[in-house]
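A.B. asks: Provided herewith is a single structure, encoded as structure tokens, for subsequent inquiry.
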Amino acid sequence: MAQLNPVFPVASSIPTSWLYESFRMANERERRAPSLIKLNVGEPAFGPPESVGRSLAEAVLDGRTRYIDVQGLLQLREALSEKLDTVNGIDVPPDRLFVTPGSCQGLVSLMRSMAEPGAEILLPEIHWPVHLQQALLAGLRPVFYGLDDALAPDPESIRSVSTANTRVLLLNSPSNPAGALLRPEVQATLYQLASERGWQIISDEAYEDFAFESPHVSIAALERDTAPARRRVSTVFTFSKGLAMTGYRLGYVAVARPEMCSAMRMVQESSIIAPSAPIQYAGLSALQAREALAGNHAYVRNNRDSVLPTLVDAGLLPALPGGGWYAMVDVSASGLSGEEFAAELMESEDVAVVPGSGFSARPEFAADGTLRPLRPGGMASRLVRVAFCVDHDQLATGVERLVALVERKGSNT
Ligand SMILES: Cc1ncc(COP(=O)(O)O)c(C=O)c1O
């Protein structure tokens with residue numbers, strides 16, 4: 001193994017994400033103008049099944065509110081183990097599962113348990129900014145890999161940017177922010193590469209229920225027949241998306257190897273002690289309400305198929321996103337940057353979107369490993385992110401206004 005240079009992450013040197021800033025600005029605007037159309041946030045038009053709320057209330061009223069195992073309620077982990085086996089093709093026993101307060105915390109915990117001084121993590125060049133924050137916070141040095149025309153991972157780029165210090169490859173399919181899907185043949189190539197180089201893979205499958213172009217495939221299914229001690233894919237899931245349980249804060253991690261679980265347990269014990277018990281009873285009931293998934297999938301798919309073609313026809317989107325909740329829209333024909341365009345769209349058209357620049361920021365490190373101030377920019381600067389999981393009519397109006405603004409501005413330049 002190569003000699004690694006240390007990275008000294010300091011939480012105060014890592015800025016809050018541009019997502020947070022855009023949510024703050026939109027909420028402030030909404031207080032003044034309640035008619036604001038919010039295409040900036042992935043908050044779906046549908047809500048959780050009623051039975052989920054009832055189970056939560058019952059758990060609280062029955063007093064099932066005590067501390068539980070740091071990995072989560074055994075009953076829930078048993079049910080999740082079965083779901084992972086039958087739905088995702090992942091063979092993982094309850095003792096390698098961690099229930100987490102949202103998948104976000106599961107990602108943090110995984111990265112922290114994999115970090116070692118100077119170790120590098122490979123992230124997509126257009127990425128969810130929270131993945132970058134998590135990597136920096138864990139002390140993993142981010143290295144960015146290129147994407148293909150559909151903004152899906154490019155294996156050649158992954159091969160060429162990796163170094164002797166690479167320890168982790170992060171994959172996210174369907175992806176946030178581009179809605180790109182990882183094709184099975186690319187998965188196989190990447191799995192092979194990770195095996196040859198000894199990397200761990202973190203697969204963020206938060207949007208597993210929203211693959212439209214082709215069925216969702218979990219990369220961990222490729223190592224179903226591999227001995228657990230030699231596995232390398234840890235997968236992160238959430239209840240937030242498929243069943244719209246965003247505010248419940250409930251996710252789970254299927255850890256690749258038994259030996260990695262003690263580090264995860266330590267991180268969890270020191271940061272959460274245990275996940276909230278009543279929320280986990282709600283999760284148990286959510287697993288029995290999976291019939292709602294089909295309707296939610298159909299809703300978002302219909303939004304994509306009926307509204308987003310307007311963006312394709314206007315030349316602002318190369319193709320419909322293969323999955324997920326978001327599309328990255330090119331507004332350069334307006335003559336404005338993504339940031340300027342988003343500000344003007346909110347001010348003059350009452351529509352909120354997120355500027356793309358925060359999705360392609362590149363951190364720089366000083367020679368001693370400290371992080372220089374993070375500046376937004378990069379290849380997504382001409383893009384804005386549009387959430388298409390929202391109310392259909394609001395989406396249609398918002399997209400219409402967005403296209404009209406690009407045309408109006410474009411004709412003035
Ligand atoms: C790619 C991705 N992963 C993980 C999450 C985290 O979701 P949660 O913490 O609600 O499970 C999100 C939320 O937006 C996301 O977009």
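The values are calculated or read from the model by the stated rules, or taken from the named source; none is laboratory data. Worth saying up front: this structure is predicted, and the values here are computed from it rather than measured. For neighbour counting, all protein chains shown are included, and Cβ atoms are generated from backbone atoms with ideal geometry for every residue, glycine included. The accessibility values were calculated without ligands, DNA or RNA, using every heavy atom of the protein model including side chains. Shrake-Rupley method; radii C 1.70, N 1.55, O 1.52, S 1.80 Å.
A.B. asks: I need the full set of residues from the range 233-249 which are touching a Leu at 6+ places or on another chain (Cβ under 9 Å) and part of a loop (DSSP other than H, G, I, E, B), in order please.
C.D. replies: Phe239, Ser240, Gly242, Leu243 - these are the residues of the range 233-249 that are touching a Leu at 6+ places or on another chain (Cβ under 9 Å) and part of a loop (DSSP other than H, G, I, E, B).
A.B. asks: Of all residues being farther than 24 Å from Ala327 by Cα, within 12 Å of the ligand (Cβ to nearest atom) and of a type in the set (A, V, I, L, M, F, W, C) in the range 91-150, which is surrounded by the most Cβ atoms within 10 Å (Cβ to Cβ)? Just the residue, please.
C.D. replies: Leu110
A.B. asks: A follow-up question, please. Restricting attention to the range 366-392, which residues are surrounded by 15 or more Cβ atoms within 10 Å (Cβ to Cβ) and farther than 24 Å from Leu311 by Cβ?
C.D. replies: At the first step, the residues of the range 366-392 found to be surrounded by 15 or more Cβ atoms within 10 Å (Cβ to Cβ) are 369, 371, 374, 376-392.
Gly369, Leu371, Leu374, listed by residue number.
A.B. asks: Which of (1) surrounded by fewer than 23 Cβ atoms within 10 Å (Cβ to Cβ); (2) away from the ligand (no atom under 16 Å from the Cβ) is the odd one out, the single condition Ile272 does not satisfy?
C.D. replies: (2)
A.B. asks: What's the number of the condition Met266 fails, among (1) free of Cβ contacts under 8 Å to residues at least 40 places away in the same chain; (2) away from the ligand (no atom under 14 Å from the Cβ)?
C.D. replies: Result: Met266 passes all but (1).
A.B. asks: A further question on this structure: Within the range 233-253, can you find the residues that are buried (at least 23 other Cβ atoms within 10 Å of the Cβ) and more than 10 Å from the ligand (Cβ to nearest atom)?
C.D. replies: Val233, Ser234, Thr235, Leu243, Val253
A.B. asks: Still on this structure: Could you list, in sequence order, the residues of the range 339-371 that are without any contact (Cβ under 8 Å) to a residue 60 or more places away in the chain and touching a strand residue (DSSP E or B) at 6+ places or on another chain (Cβ under 7 Å)?
C.D. replies: Scanning the range 339-371 gives a single hit, Glu339.
A.B. asks: Give me a count of the residues in the range 19-39 that are within 18 Å of Gly358 (Cα to Cα) and either assigned to a loop (DSSP other than H, G, I, E, B) or touching a Cys at 6+ places or on another chain (Cβ under 9 Å) (or both).
C.D. replies: Number of matching residues: 1.
A.B. asks: Considering only the range 151-160, state which residues are open to solvent by 10 Å² or more (accessible area, probe 1.4 Å), within 26 Å of Leu374 (Cβ to Cβ) and out of contact with any strand residue (DSSP E or B) (no Cβ under 8 Å at 6 or more places or on another chain).
C.D. replies: Our first condition is that a residue be open to solvent by 10 Å² or more (accessible area, probe 1.4 Å); within the range 151-160, this holds for 151, 153-157, 159-160.
Next cut, within 26 Å of Leu374 (Cβ to Cβ) only: 151, 153-154, 157, 160.
The answer is Ser160, and nothing else.
A.B. asks: Which residues, taken from the range 213-232, are in a loop (DSSP other than H, G, I, E, B) and open to solvent by less than 10 Å² (accessible area, probe 1.4 Å)?
C.D. replies: Taking the range 213-232 and keeping what is in a loop (DSSP other than H, G, I, E, B), we get 213-218, 224-227, 231-232.
Selection gives Ser218 alone.
A.B. asks: In addition: Return the total of residues in the range 59-82 being open to solvent by 10 Å² or more (accessible area, probe 1.4 Å) and within 16 Å of the ligand (Cβ to nearest atom).
C.D. replies: Result for the range 59-82: 0.
A.B. asks: Looking only at the range 40-50, count every residue that is open to solvent by 40 Å² or more (accessible area, probe 1.4 Å) and either touching a Leu at 6+ places or on another chain (Cβ under 7 Å) or not in a loop (DSSP other than H, G, I, E, B) (or both) and tell me the total.
C.D. replies: Residues of the range 40-50 open to solvent by 40 Å² or more (accessible area, probe 1.4 Å): 43, 45, 47-48, 50.
If we keep only those that are either touching a Leu at 6+ places or on another chain (Cβ under 7 Å) or not in a loop (DSSP other than H, G, I, E, B) (or both) as well, we get 48, 50.
Of the residues in that region, 2 qualify.
A.B. asks: Under 7 Å by Cβ, and 6 or more places apart or on different chains, what pairs join a residue from the range 78-105 that is outside any helix (DSSP H, G or I) with one that is open to solvent by 20 Å² or more (accessible area, probe 1.4 Å) and within 16 Å of the ligand (Cβ to nearest atom)?
C.D. replies: Pro101/Arg249; Pro101/Ile272; Pro101/Ser276
A.B. asks: Got a number for residues in the range 49-76 being touching a residue at least 60 places away in the same chain (Cβ under 8 Å) and in contact with a helix residue (DSSP H, G or I) (Cβ under 7 Å, 6 or more places away or on another chain)? Steps first, answer last, please.
C.D. replies: Here is the first cut: in the range 49-76, the residues touching a residue at least 60 places away in the same chain (Cβ under 8 Å) are 49, 51-56, 58-60, 64-73, 75-76.
Going one step further and asking which of them are in contact with a helix residue (DSSP H, G or I) (Cβ under 7 Å, 6 or more places away or on another chain), we end up with 49, 51-52, 55-56, 59-60, 64-66, 68, 70-73, 75-76.
Final tally of qualifying residues: 17.
A.B. asks: Within the range 163-211, which residues are away from the ligand (no atom under 16 Å from the Cβ), more than 18 Å from Pro142 (Cβ to Cβ), part of a loop (DSSP other than H, G, I, E, B) and open to solvent by less than 10 Å² (accessible area, probe 1.4 Å)? Explain how you work it out, then say what you get.
C.D. replies: Initial filter on the range 163-211 (away from the ligand (no atom under 16 Å from the Cβ)): 163-167, 183-200.
Now narrow it down to the ones that are more than 18 Å from Pro142 (Cβ to Cβ): 183-189, 191-193, 195-196, 198.
Now restrict to residues that are part of a loop (DSSP other than H, G, I, E, B): 183, 198.
Those that are away from the ligand (no atom under 16 Å from the Cβ), more than 18 Å from Pro142 (Cβ to Cβ), part of a loop (DSSP other than H, G, I, E, B) and open to solvent by less than 10 Å² (accessible area, probe 1.4 Å): none in the range 163-211.
A.B. asks: Here is a further query. Quick check, is Leu84 within 25 Å of the chain's Cα centre (by Cα) and more than 30 Å from Val354 (Cβ to Cβ)? Spell out the reasoning first.
C.D. replies: Details: within 25 Å of the chain's Cα centre (by Cα): yes; more than 30 Å from Val354 (Cβ to Cβ): yes.
It is true that Leu84 is within 25 Å of the chain's Cα centre (by Cα) and more than 30 Å from Val354 (Cβ to Cβ).
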